[in-house]
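Working notes for the structure below.
Bear in mind these aren't lab numbers, they're just calculated from the coordinates by the rules spelled out. Owing to the predicted nature of the structure, the values given are computational and were not obtained by experimental measurement. Here the Cβ positions follow ideal geometry from the backbone for every residue, glycine too, while neighbour counts run over all protein chains shown.
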């Protein structure tokens with residue numbers, strides 16, 4: 001019953017994401033205030049639904065529900081509780097659910113903390129985030145559903161990868177994903193500014209705190225990952241320029257440039273096109289990471 005509830009929450013979240021990604025954008029374009037006003041409630045509903053889905057998957061791991069394929073493949077009854085919880089994002093399907101939930105949490109933060117911004121700008125930003133969320137939810141539901149059933153259920157699970165049974169799994173992926181996903185807010189502000197034709201100092205001032213927060217999370221995530229690899233894998237060093245490390249370093253590098261470019265745009269009104277390009281690039285590289 002719990003997995004079905006989680007799957008239903010994902011379906012409802014997709015419906016809300018499609019509404020969030022279309023109605024506020026149309027409302028901002030046509031100046032329909034009723035549709036503009038839907039942006040914030042939709043973002044709140046989106047976050048609640050995805051929190052329910054994530055809680056359902058976590059419950060399945062905690063209760064050793066091996067009738068769920070994803071749980072059977074990444075846990076067993078002997079796994080300590082903290083690693084059963086961390087195993088929620090220890091595989092492909094669960095990590096995607098963590099990603100999309102964090103995307104909804106960033107949108108929720110924008111909805112709740114941007115009340116001083118013009119409503120049409122918030123509507124466009126949340127609309128873009130809604131479209132991004134809808135894309136991820138479609139991918140999850142049709143290709144990587146973490147609630148897929150295994151009938152009959154297995155008596156025992158396969159266990160989590162031994163290399164992942166480490167405190168690093170508890171903190172590193174969530175911190176890294178908060179940084180990756182946070183750049184979607186900078187991307188959404190850039191697209192919203194392009195749609196409204198408002199590439200000015202105000203746009204840079206609105207976007208810079210969100211970009212800074214994402215950059216801080218990504219920096220902490222990279223540092224935790226380096227520490228984890230150093231003591232767990234025994235490489236004898238902190239950084240080896242392997243593809244996994246480079247995949248996180250590239251959005252960090254572009255994000256650093258974006259922070260400086262936003263500061264210049266805010267203070268001098270220059271580098272506007274460069275700032276937009278960096279915002280799009282940081283988000284794109286985060287997807288590749």
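Things worth noting here:
- Protection proxy ranking, peptides 6-14, 40-48, average beta carbon neighbours within 10 Å, highest first: 40-48, 6-14
- Shape class of segment 89-237 from the alpha-carbon gyration tensor: oblate, with a/c at 1.5 or above and b/c at least as large as a/b.
- Cα gyration tensor shape for segment 91-134, rounded if a/c is under 1.5, else prolate or oblate: oblate
- Packing, as the average of other Cβ atoms within 10 Å across residues, places the peptides 144-154, 166-176 in the order 166-176, 144-154, highest first.
- Expected 222 nm ellipticity per residue - DSSP helices of 4 or more, -39500 (n - 2.57), all of the chain, to 500: -26500 deg cm²/dmol
- Taking the C-alpha atoms only, the angle from helix 167-196 to the longest principal axis of the chain is near 30 degrees.
- In degrees, nearest ten, helix 2-30 long axis to first principal axis of the chain (Cα): 10 degrees
- Computed from Cα atoms, the angle from the helix 243-268 axis to the main principal axis of the chain rounds to 20 degrees.
- Among 266-277, 124-135, 212-223, sorting by the average number of other beta carbon atoms lying within 10 angstrom of each residue, highest first, gives 124-135, 212-223, 266-277.
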